[in-house]
There are 2 protein chains.
Amino acid sequence: MSLDLMRELAKQTDSKILLVVLDGVGGLPMSGSATELEAARTPNLDALAREAQVGQIEPVGPGITPGSGPGHLGLFGYDPVAFQVGRGALSAVGIGVRLRSGDVAVRGNFATLDSGRQIADRRAGRPSNAENERVVGLLREAIPEIDGTAVEIYTESEHRFVVVFRADGKALGARLSDVDPQATGVPPLEAKAEDSASERTAQLVNGFVRKAEQALRGEPQINGVLFRGYSGVPHFPSFAEIYRLRAACIASYPMYRGLAALVGMEVLPVEGEEDALPGKLSALQAHWDRYDFFYFHVKKTDSTGEDGDFSEKVHKIEAFDAMLPALRALRPDVLAVVGDHSTPSLLRAHSWHPVPLLIHSAYGRPDRAQRFTEEQALQGTLGLRRGVDLMPLLMANARKLDKFGA
Amino acid sequence: MSLDLMRELAKQTDSKILLVVLDGVGGLPMSGSATELEAARTPNLDALAREAQVGQIEPVGPGITPGSGPGHLGLFGYDPVAFQVGRGALSAVGIGVRLRSGDVAVRGNFATLDSGRQIADRRAGRPSNAENERVVGLLREAIPEIDGTAVEIYTESEHRFVVVFRADGKALGARLSDVDPQATGVPPLEAKAEDSASERTAQLVNGFVRKAEQALRGEPQINGVLFRGYSGVPHFPSFAEIYRLRAACIASYPMYRGLAALVGMEVLPVEGEEDALPGKLSALQAHWDRYDFFYFHVKKTDSTGEDGDFSEKVHKIEAFDAMLPALRALRPDVLAVVGDHSTPSLLRAHSWHPVPLLIHSAYGRPDRAQRFTEEQALQGTLGLRRGVDLMPLLMANARKLDKFGA
């Protein structure tokens, strides 16, 4: 449904919604006949599925494989085709950078180049965050500005970093081609402007690549940079404005935190390394009274799928299952579990397949589903839904929507 | 999803898609409790259904009974409501005329005029098709072109004929008033342009009327022409442009060949009479290496339904089933079987009921369907889809779509 309709019908109440996003949780059979969710031992999810309504979410549309941004925006109720956000802006906002109109944020990967400047590893062996920070320190020293344009460089995580080019008077365009060829054995590409407003940006990007390679010449592993996804700043009507929700985000990874901030959620501090499930649970418990909507993100179900590691993805699903009773103990009025897209280990990538959805509330119609799996989701009362249909369903189950019309 | 999104995400790959359209295949129980598909013995379709994903297609929308044109356009990804093909153009396409963007097709009636140029009979006594063809021959000789614009004249049937004015560089408008006053005892009307783009078309139409009356001056019965219903061809962005597909059509009937040509498919020659399954198979095998998308049309499943001949429709389904192993032997990366609409023998007509859909690829989620039937389609992972959702699903299963967003 449209955001306008939500804006018209939404009302503030005391009920609480907990939306758990198991990133990329949908899968496919790999060696046997079971998907990751089917192979996992998930007694708590199973019990919840029996009490809840289940169905499927198609995040963007039939056949469309969503990036994490569009996948999440759909779940939050923003049509991902109408609200397109680049990865660079998401990453920058996610690490607390305040972007201004005209700035351009770019997502970078640290890479390993061979002696002939061919890409040997697009992720430079996935360095630690500490190693990333050390290299970012070198680059900050080497590249404070390019031809008078201020340059800011930030660690994201592992091999990922973010560069912000600050507009000095004149807005920088963000329509230019990637430096990252998404392949090894070839050199980084030259960024090319796709409109005249982006010509200056292309010079800055190409200048950055040259200067970075110079500065990192002596490094054994991180000696190159790849750019992909340039973006300016989008405007989103906030969760408070549309849904009258005091919304909080509990996520570790910068991109998801950034996305939540863009739609006006409070981004809560989370203690601990990486996916940090215990830290997330503590954050949730500590802030439970202060918000009426929580977006709770679990990342590793996606990254294990992207690694093609079926059994590790199964373990990450089981790890979440073990934590589920603690979430339920908070007694949310509405508890939803869903993915932002599928990431089958078989494909080692995001995919277009729908993801299972579960909504638990006092007002669900019973269905036959016995587990939270792709196949069982077909038995559910919720049917096959678009991503943007989720929020209205959560709001309704939380009794936060007025009747439409007299 | 929108064609724009396809255009943005589609990429050329080596994978091959084979789309089989069993025209009007969906049915209803007639005397017993089984539909035509349920009554048919289809061991090969059954086996395929067990390995594939199944679901249902609603070609245009709920409750809407599609003509063959809209049904097919939906399957090809063109919203049949947005891309309406007018009567003149459909008539032309239906008799196998290839229309191009900018051309105008006009539906004509042969008429009898009296000595004072008043209309005596608007249908010239409903001449035979042979008589129609004889007169069309006279007109072709007399009016090969008008002021440099190529004119093509075709028999439709009885008193009906079709004229195509070919755009010579500049598109011809199709907004002009009728020549047919829909009354007798009055003269034919002068066509008047309703916008500036149609002024040239009005000159052509009025010129045609004059020249035709001249050429038919000695004729006792058919000595005048009336026009009603002008249509341009909506511009169809081509399969190559939208999907980056080299697409081929394998169909015997003129209308389907015409539709395929409209969307930029290569229309392959097919040997044999009528539905000609062996000829179609040979054409497919002979051209397999040269294209990456094949539209393979089977007509008799529809015409037997329109005849109300349940058991003959069952036989036609079985005939296709017998040929299926030969199609599978080509090892398409994606093999889809679907109808363009239902044609229940019970109704002797097209109907609004969804049609079963089957998609076989390496990336399907298992489901419980054991056969390719209306009822088993309900068990499928694909759900109930609009016609326009098919192409994105086929493209995704063929791994021909990039990820949307970061």
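The values are calculated or read from the model by the stated rules, or taken from the named source; none is laboratory data. What you see is a predicted model, and the numbers here were worked out from it, not measured in a lab. Neighbour counts are summed over all protein chains in view; Cβ atoms, including those assigned to glycine, are modelled from backbone coordinates with ideal geometry.
Residues of segment B:171-201 being more than 27 Å from B:S128 (Cβ to Cβ) and surrounded by 20 or more Cβ atoms within 10 Å (Cβ to Cβ), which ones? Passing the criteria: B:L172, B:G173, B:A174, B:L176, B:A191, B:S198, B:R200, B:T201. Residues in segment B:368-385 that are more than 7 Å from chain A (Cβ to nearest Cβ), under 21 Å from A:R386 (Cα atoms) and not hydrophobic (A, V, I, L, M, F, W, C): B:Q379, B:G380. The one condition from (1) in contact (Cβ under 8 Å) with a residue 60 or more places away in the chain; (2) surrounded by fewer than 20 Cβ atoms within 10 Å (Cβ to Cβ); (3) small (G, A, S); (4) in a loop (DSSP other than H, G, I, E, B) that B:A124 does not meet is (2).
For segment A:87-117, the tally of residues that are outside any helix (DSSP H, G or I), surrounded by 14 or more Cβ atoms within 10 Å (Cβ to Cβ) and of a type in the set (S, T, N, Q) stands at 2.
For segment A:1-58, enumerate the residues that are small (G, A, S), without any contact (Cβ under 8 Å) to a residue 24 or more places away in the chain and farther than 20 Å from A:L357 by Cβ. Write out each step before concluding.
So the first thing to find is which residues in segment A:1-58 are small (G, A, S), and the list is A:2, A:10, A:15, A:24, A:26-27, A:31-34, A:39-40, A:47, A:49, A:52, A:55.
In the following step, the residues that additionally are without any contact (Cβ under 8 Å) to a residue 24 or more places away in the chain were identified as A:2, A:32-34, A:47.
Within segment A:1-58, A:S2, A:G32, A:S33 meet the criteria.
The residue that is farthest from the other protein chains (Cβ to nearest Cβ), among those in segment A:331-362 that are more than 23 Å from the chain's Cα centre (by Cα) and under 12 Å from A:E51 (Cβ atoms), is A:A362. Among the residues of segment A:45-85, the ones that are in contact with a helix residue (DSSP H, G or I) (Cβ under 8 Å, 6 or more places away or on another chain), assigned to a loop (DSSP other than H, G, I, E, B) and among the small types (G, A, S) come to 4 in all. Within segment B:100-121, being charged (D, E, K, R) and at pLDDT below 95 holds for B:R100, B:D103, B:R107. Applying the criterion of being farther than 15 Å from A:L216 by Cα and part of a loop (DSSP other than H, G, I, E, B) to the residues of segment A:145-165, the residue that is nearest to the chain's Cα centre (by Cα) is A:E158.
What are the residues in segment B:386-397 that are surrounded by fewer than 23 Cβ atoms within 10 Å (Cβ to Cβ) and either of a type outside the set (A, V, I, L, M, F, W, C) or more than 7 Å from every other protein chain (Cβ to nearest Cβ) (or both), if any? The answer is B:R386, and nothing else. B:A247 meets each of the listed conditions (1) closer than 30 Å to B:I146 by Cβ; (2) crowded, with 17+ Cβ neighbours inside 10 Å; (3) assigned by TED's automatic domain parsing to the domain that holds B:Y78 apart from (1). B:D168 satisfies every condition listed in (1) at pLDDT 95 or above; (2) outside any helix (DSSP H, G or I); (3) of a type in the set (D, E, K, R) except (1). For segment A:1-27, filtered to residues that are in a loop (DSSP other than H, G, I, E, B) and over 21 Å from the mean Cα position of the chain (by Cα), the residue that is nearest to A:D309 (Cα to Cα) is A:K16.
State yes or no: is A:S198 modelled with pLDDT under 95, in contact with a strand residue (DSSP E or B) (Cβ under 6 Å, 6 or more places away or on another chain) and not basic (K, R)?
yes
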